[in-house]
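Structure first, commentary second.
The values are calculated or read from the model by the stated rules, or taken from the named source; none is laboratory data. Every value quoted in this text rests on a predicted model; they were computed, and no experiment measured them. Here the Cβ positions follow ideal geometry from the backbone for every residue, glycine too, while neighbour counts run over all protein chains shown. Surface accessibility is based on the protein's heavy atoms, side chains included, excluding ligands, DNA and RNA. Shrake-Rupley method; radii C 1.70, N 1.55, O 1.52, S 1.80 Å.
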Amino acid sequence: MAKFWFLLFFSVAVGFFVMGSTAHDEHIVGGRDGWTIPPNATFYQDWAKTQNFKVGDRLVFPYTIEMYTVVEASKEDFDNCTQRDIKARYYAPPTVLELLEPGPHYYYCGVGLHCEAGQKLSIVVCDRPNRRRV
Ligand SMILES: *[C@@H]1O[C@H](CO)[C@@H](O)[C@H](O)[C@H]1NC(C)=O
Ligand SMILES: *[C@@H]1O[C@H](CO)[C@@H](O)[C@H](O)[C@H]1NC(C)=O
C-alpha cells in the first residue's frame, strides 16, 4: 500500500513538474554572455527580440558580484540612465525575477556608466502564453 501512495505521489509530482516547465519559461539574459557590458548598444534588445516573455516566466541575470547590479527602473530612468524613480535594485547574482505583471519592464546595470554603454534591457511581458507580439 505504501508503494501505491508513493507511486501516486511520484506521478503527480512529475506531472506538475512537466506542466510547470512547459508553462513557465526561464530566460537567461544575454544567453551565454549573461549580464555584462555588451559588445554594442543593441545587444540586449537584439537578445530580447528572440524571446517570448509571458506572465509567470522568470528572467535570470547571471553576472559577477560587485561588478554589476540589476536596477529595475521607470521608462524615464531607463531612457536617461538616471535613478530618480527606481523600483528595485539587486546585488546578489544570479538575480532571478519572476515576471508577474504584463506590460513593459525596464532594467539596467546601476554601476558606473554601464547603462550608457548599453547594459540595459527593456522587455514586454505578454499576459497570454504563445501569443507573439509584433
Ligand atoms: C552586436 O554584437 C553581437 C555579438 O557580438 C552581434 O551578433 C551583433 O551583430 C552586433 N550588432 C551590431 C548592430 O553591431
Ligand atoms: C528622460 O528622457 C525623456 C525622453 O525619453 C525626457 O522626455 C525626459 O524629460 C527625461 N527625464 C529626465 C528626468 O531627465
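Cross-link partners among aspartates and glutamates for LYS75, C-alpha distance below 16 Å, same-chain residues fewer than 8 apart left out?
ASP85, GLU101, GLU116
By average Cβ neighbour count within 10 Å, what is the ranking of 23-30, 37-44 from highest down?
23-30, 37-44
Note the full-extension length gain between GLN83 and ARG32 as 0.36 nm times their separation in residues minus their Cα-Cα distance, in nm to one decimal.
The GLN83-ARG32 span can extend by a further 15.6 nm.
First check a/c for segment 26-125, with a ≥ b ≥ c the square roots of the eigenvalues of its C-alpha gyration tensor; if it is under 1.5, answer rounded, and if not, answer prolate when a/b is larger than b/c or oblate otherwise.
rounded
In Å², and per residue, what accessible area does segment 26-125 have when probed at 1.4 Å with the other protein chains present?
Result: 53 Å² of accessible area for each residue.
Counting DSSP beta bridges with both partners in segment 26-125, what percentage is antiparallel, nearest 5?
Taking every DSSP beta bridge within segment 26-125, about 85 percent pair in antiparallel fashion.
Counting only protein heavy atoms and using a 1.4 Å probe, what share of the accessible area of segment 26-125 belongs to carbon plus sulfur, as a whole percent?
Carbon-and-sulfur percentage of accessible area, whole number: 52.
Once both labels are modelled 7 Å past Cα along the beta-carbon direction, what's the VAL111-MET67 spacing in nm?
0.7
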